[in-house]
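Shown next, in structure tokens, is the structure this report addresses.
Readers should treat all values here as calculations from the given coordinates under stated rules, not as data from a laboratory. Keep in mind that what you see is a predicted model, and the values were worked out from it rather than measured. Heads up, the Cβs are rebuilt from the backbone with ideal geometry, glycines too, and the neighbour counts pull from every protein chain shown.
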């Protein structure tokens with residue numbers, strides 16, 4: 001049953017990009033972790049505007065994307081939120097090399113306007129809400145395959161809240177879906193990516209505060225090309241290391257290597 005579900009997920013991913021193969025005229029598909037949703041869209045637009053070519057984006061949880069690549073999904077480049085998934089693919093000979101670290105991410109507690117919770121990065125307000133039984137629904141990404149879900153879990157464990165909050169958790173398939181839950185009335189708040197909270201599209205949807213970085217393992221985000229990549233994908237990979245792309249990443253709250 002699990003194998004059938006995984007195969008169905010792969011088929012859906014391929015159907016989403018019916019021209020995502022290696023044909024000369026087709027734009028390569030770049031698969032990125034969901035915390036990159038808004039930043040990567042801007043970078044892709046700037047890449048195309050600069051005459052470098054056109055790419056198509058597919059966003060999802062890093063764990064699911066890695067599994068899809070293992071099962072043959074036609075992605076040309078993978079930007080993971082956890083470098084461990086890149087190393088796993090490299091060890092299986094599915095990538096050109098072991099890639100490059102492109103960013104370190106952060107998490108925030110995000111609270112929508114209608115919630116009685118407070119955006120308290122210490123999570124003490126969350127602790128009080130749990131103790132007073134005011135917390136009924138709280139969103140995070142699924143820790144089973146989403147690195148930002150793992151970071152949220154580790155922060156909650158660090159504060160001794162994990163066991164108490166589990167009955168109230170609403171799990172997003174990825175951190176982008178967790179952010180949707182936290183902003184559309186499906187929860188009283190959530191722990192999401194800093195990069196998503198900073199997006200202009202999120203400006204009026206709630207308030208947030210950073211959670212201390214030392215409360216979870218570093219979100220070391222690594223990118224890699226598949227074997228024999230499309231030339232446009234190679235150019236996009238290089239573009240991610242250049243100033244225009246790096247400036248966008250900084251604006252979305254990412255810590256960059258060497259800075």
Residue 234-residue 213 pseudo-label distance in nm [points 7 Å out on the Cα-to-Cβ vector]: 3.4 nm
What ranking, highest mean first, results for peptides 232-238, 146-152 when packing means the other Cβ atoms within 10 Å averaged over each residue? 146-152, 232-238
GNM, the chain, Cα, under 10 Å: largest mean-square fluctuation among 80, 176, 115? 115
Could you tell me the largest-minus-smallest coordinate of the C-alpha atoms of region 107-210 on each of the three principal axes, in descending order and whole angstroms? 33, 30, 22
Run through the DSSP bridge list for the chain and note the antiparallel percent, rounded to the nearest 5. 60 percent
Evaluate E = 1/(1 + (r/R0)^6) for residue 166 and residue 101, where r is the Cβ-Cβ distance and R0 equals 45 Å; express this FRET efficiency to the nearest 0.05. 0.90
Fewest to most Cβ atoms within 10 Å: 114, 215, 162 sort as 114, 162, 215
Just one of (i) 59, 38, 29; (ii) 56, 43, 31; (iii) 60, 45, 29 is Cα extents along the principal axes in Å as worked out from the coordinates here. Which one is it? (iii)
Taking the alpha-carbon centre of each part, the distance from region 93-160 to region 174-248 in Å is 13 Å
When 175, 170 are ranked with the fewest other C-beta atoms within 10 Å first, the list becomes 170, 175
Extending each Cα 7 Å along its Cβ direction at residue 134 and residue 70, get the distance between those two points in nm, one decimal. 4.3 nm
Report the antiparallel proportion of the DSSP beta bridges in region 107-210 as a percent, rounded to a multiple of 5. 60 percent
